[in-house]
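Asker: Here it is: the structure, laid out below.
The values are calculated or read from the model by the stated rules, or taken from the named source; none is laboratory data. Predicted model, so just to flag it, every value in this text is computed and none were measured. Here the Cβ positions follow ideal geometry from the backbone for every residue, glycine too, while neighbour counts run over all protein chains shown. To get the accessible areas, we keep the full protein, side chains included, count just its heavy atoms, and leave off ligands, DNA and RNA. Shrake-Rupley method; radii C 1.70, N 1.55, O 1.52, S 1.80 Å.
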Amino acid sequence: MSAPPMPPAEHAKFMDALRQALSIAKPYQLDITDAERTSMAPKAMGRESIPFAQEARALLTNHPEVLRRTITDAVIADYPVQLEVFEQSDEAAEMLATIGDIVKTRRLVSGVRVMTTGRDSYKDGQNDRGRTPGVKPIIDRMSLRFNRSAEDDDSDTPKS
């Protein structure tokens, strides 16, 4: 399986669209701590709960008399706003997940092919044992990729 590259103009257009999307979304970013995120996670809503939340909106709007007193008018007024935020965010998250899957799959497939061929060529260069002029300096530079400590295993940065 081979992944064809995007034509440069298409890649530039794609990257511009991502930068534009980021600049539009950035002002709406909510900064929460990891602890806040962790504590919120069990209470979070998934897209399968949208119909439930829409029915809750109808209950809040049409029958506030049946609600407990802790559900204030301010909470009732804020509910449709937060539901809209969720629906917008969910729609965007689904689109981003699809785009992310496309990009990650292309990265995976091309990365496997590149590294497999790169490792094979490295081994062949090592097997040359300096007989071909110019091969040894390349192999020496390539060896830096593999000369890393265990804690650097996820990094492509050569060890100093």
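Asker: Please state the Cα pair-distance histogram of the range 1-159 with 5 angstrom bins from zero: what percent is in each bin?
Answerer: Going out from 0 Å in 5 Å bins, the range 1-159 shows 1, 6, 9, 11, 11, 11, 10, 9, 7, 6, 5, 5, 3, 2, 2, 1, 1, 0 percent.
Asker: Counting only trypsin sites (Lys or Arg not before Pro) that are in a DSSP loop and have at most 11 other C-beta atoms within 10 Å, tell me the longest site-free stretch of the chain. Walk me through the numbers on the way to the answer.
Answerer: Working: sites that count: ARG68, ARG69, ARG129, ARG131, LYS159.
Segment 1-67 is the longest.
Asker: Each residue of the range 6-16 in order: what ³J(HN,Hα) in whole Hz does its phi give by Karplus 6.51 cos²θ - 1.76 cosθ + 1.60, θ = phi - 60°, with x for Gly and Pro?
Answerer: Rounded to whole hertz, the list is 5, x, x, 5, 5, 4, 4, 5, 4, 5, 4.
Asker: Rounded to the nearest 20 debye, what is the charge dipole size of the chain about its Cα centre when +1 sits on each Lys and Arg Cβ and -1 on each Asp and Glu Cβ? Please report the intermediate quantities before stating the final value.
Answerer: Details: 22 positive and 25 negative charges, 218 e Å.
Dipole size: approximately 1040 debye.
Asker: Let me ask something additional. Could you calculate the contour length gain from THR105 to LYS136, that is, 0.36 nm times the residue separation minus the distance between their Cα atoms, to one decimal place in nm? Could you put the intermediate results ahead of the total?
Answerer: Working: separation 31, 0.36 × 31 = 11.16 nm, distance 3.41 nm.
Length gained, THR105 through LYS136: 7.8 nm.
Asker: Here's another thing I want to ask about it. Suppose a student asked you for the relative contact order of the chain, using Cα pairs under 8 Å spaced at least 6 residues apart; what percent would you report? List each step's numbers first, then the result.
Answerer: On the way: 38 pairs, mean separation 32.4, N = 160.
The normalised contact order for the chain reaches 20 percent.
Asker: Continuing with the same structure: Could you give the dipole magnitude of the range 1-59 about its Cα centre, charging the beta-carbon of Lys and Arg +1 and that of Asp and Glu -1, in debye to the nearest 20?
Answerer: Approximately 80 debye in magnitude.
Asker: Let me ask you something else. So how far, in whole Å, is the C-alpha centre of the range 65-136 from the one of the range 1-37?
Answerer: Taking the Cα centre of the range 1-37 as reference, the centre of the range 65-136 is 10 Å away.
Asker: Which distance in nm do the two modelled labels at LEU96 and ARG129 give, with both placed 7 Å along the Cα-to-Cβ direction?
Answerer: Those two pseudo-labels are separated by 5.5 nm.
Asker: At THR33 and ALA74, where each label point lies 7 Å from the Cα along Cα→Cβ, what is the point-to-point distance in nanometres?
Answerer: 2.3 nm
Asker: Additional query: How much of the accessible area of the chain, probe 1.4 Å, is carbon plus sulfur, in whole percent? Before the final figure, lay out the partial values.
Answerer: On the way: 7900 of 13310 Å².
Carbon-and-sulfur percentage of accessible area, whole number: 59.
Asker: Could you state the angle between the C-alpha long axis of helix 135-146 and the longest principal axis of the C-alpha atoms of the chain, as a value from 0 to 90 degrees rounded to the nearest 10?
Answerer: Taking the Cα atoms of the chain, the angle to 135-146 is about 30 degrees.
Asker: Further question on the same structure: On C-alpha positions alone, give me the angle between the axis of helix 73-128 and the longest principal axis of the chain, in degrees, nearest 10.
Answerer: That works out to roughly 10 degrees.
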